[in-house]
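Each reported figure results from applying straightforward, stated rules to the coordinates on display, with no laboratory input. Keep in mind that this is a model prediction, so the values were computed, not measured. Neighbour counts run over all protein chains shown; Cβ positions are idealised from the backbone, glycine included.
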């Protein structure tokens, strides 16, 4: 059971009281508020009071540390009201205040009765603090803790703990502070660590959960997943981070394109009357049976055919004919691009989406499952490859980015958006081997990482649309890792993953699709404005490429040169994937003290959690989570994870389908062996 975060924030203005953002607590939930207040003029920090939301707030404990103070409050009510929380400090001026407010579904009783015990520690001048819940954590209980430092520092959650919030309020020439909150649902200490010694104090509580909402039994698979969690380095300008795909899906609308070509809004109605309705409106999708909304697992919502295609849509479209954003169809313009700016805005302002960032989904393929999947492939035959490995297992970390940005060189919308879309999937995959089925997994044999198709002679394999390429490297020096956690650098915009932080040349987009099944929409009829496609081809394949395309029998692509003849000329290549500049976010495992060079550290938030009648998990279970596509292609969501757009015939600007990453990894391994890039055992 994980918390539902209500608000976190800080105010560095002098004052005797402070007000948070508006919150809406749930009925009969335990609302918790950790507060740090710092008195001005080196006065002793007073114990604050909190009020608001129609709750009777109760002070659990408060620790003074000179002019700083850490306090913990709880409140519960049958019918809380929406509104801010007020923090009052009497008539003593404070120089700053920080807060972290969240709630849990808990056992019956008043706010105090569901607290089975609490413990405090500090103040102490240390670089780590560990508090044992008193009494120890029992069945169906969660341990919740807050720590205060007398300095602004990055703080790592302890092993087995999950960060809830962190605030680092600072004033020039005035005291600073850190407030970090976390919880854990397994027995053990609640701990924190940071780089430089600081005075610290902590409050830890044990809270009773409902009988049905207790922690899950210990799963050894989770230990393996946590053992190898990747460390990702992002560019300072990056706006899209790996997020919980289930929460994205729940905020999307579901569409069905029911007539070819699919890249035309005339094919998007749900019936023969062209009613221009969606299969499911935005915010009404359910990713699991029994949860609120229309279930994505129903065949009508999930299964594509040669004549039908499903796609998710968040944020609408951009009609670059007149520059307007479009959220409904039909539209007088041409819906050429996904409205990625609106997607970014929602992830910045919608709490459920904002808090779903820094999340991965992990899937483990043990020896039996991996062998069975390899046996199911006939062209090429990958069974000998898997049989040649030692008790192999494949551990995949799936990274979902709400948007993807990729351009060709040029100063127009066509160049900037030619490869940009909503809904991107990436993957870090580790091949684990061991001597026998009783031995532990230690160091991986190979690491796979996805991105834009490279030009370098790297072991690789691409998805059917040649948009996602799995690259492979042995797990050995000069691979950077910290305690077995691989370092990967994320190229801004494309989110291509690399083991080194340098620019990487990438291959141009393919001139023709290497696949069938309705994905290639055929040549447009004369008179249709397909200038963006023509410009795209001419930019990338000037001269000889045109001859090749004409020779292939698709001369009709060039019947209408559109409205931008000034763009024709020398080919513009795809720019290289850029390195991640210093100063960006570093995402790392909980319990790991960030290194000095890890700027803007952020722990992974992946966890088992619940909110508003929905369950969120980071361990993939395809039978229990039917929004993942099944291996036999008969169930699960098999559509696109971003909106279809018009005049996109390869496609390059439509959302992608979830790839079979296990298959791409094995194909890349076989590719490396066949080309002599990887040693054969």
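At R0 = 45 Å, how high is the FRET efficiency between residue 266 and residue 599 if r is their beta carbon distance? Nearest 0.05 is fine. So, using R0 = 45 Å, E works out to roughly 0.40.
Given the C-alpha centroids of the range 487-506 and the range 603-618, what is the distance between them in whole angstrom? For the range 487-506 versus the range 603-618, the Cα centre distance is 28 Å. In terms of its C-alpha gyration tensor, the range 615-681 has an oblate overall shape, because the principal axis ratio a/c (a ≥ b ≥ c, square roots of the eigenvalues) is not below 1.5 and a/b does not outweigh b/c. Placing pseudo-labels 7 Å out from each Cα toward the beta carbon at residue 64 and residue 47 gives an inter-label distance of 1.0 nm. When the square roots of the Cα gyration tensor eigenvalues are ordered a ≥ b ≥ c, the ratio a/c for the range 147-213 is 1.5 or more and a/b exceeds b/c, which makes its shape prolate. Separation of the range 1-21 and the range 383-398, taken as the distance between their Cα centroids, equals 48 angstrom.
Angle of helix 340-349 to the longest C-alpha principal axis of the chain, folded into 0 to 90 degrees and rounded to 10: 10°.
Does a label point 7 Å from the Cα of residue 186, set along Cα-to-beta-carbon, have any residues of the range 2-25 with amide nitrogen under 16 Å, and which are they? 2, by backbone N distance to the label point. The helix-only estimate of mean residue ellipticity at 222 nm for the chain, built from DSSP H runs of length n ≥ 4 each weighted as -39500 (n - 2.57), is -3000 deg cm²/dmol after division by the residue total.
Provide, for q = 0.09, 0.12 Å⁻¹, the log10 of I(q)/I(0) from a solvent-free Debye sum over equal Cα point scatterers in the range 4-215. Normalising to I(0) and taking log10 leaves -0.31, -0.56. How far is helix 661-674 tilted, in degrees, relative to the longest principal axis of the Cα atoms in the chain, given as a value from 0 to 90 rounded to the nearest 10? So the inclination is approximately 60 degrees.
The angle separating the long axis of helix 531-540 from the principal Cα axis of greatest extent in the chain is about 90 degrees. Simple spin-label estimate for residue 16 and residue 284 gives 5.2 nm between the two label positions (7 Å along the Cα-to-Cβ direction from each Cα). A crude spin-label estimate for the pair residue 505 and residue 624, with each label 7 Å from Cα along the Cβ direction, gives 4.8 nm. Would the range 365-503 count as rounded, prolate or oblate if I go by the C-alpha gyration tensor, calling it rounded below 1.5 in a/c and otherwise prolate when a/b exceeds b/c, oblate otherwise? In terms of gyration-tensor shape, prolate.
Considering only beta bridges that DSSP places wholly inside the chain, some 95 percent are antiparallel.
Just so you know, the Cα atoms of the range 333-400 work out to an Rg and Dmax of 20.0, 57 Å.
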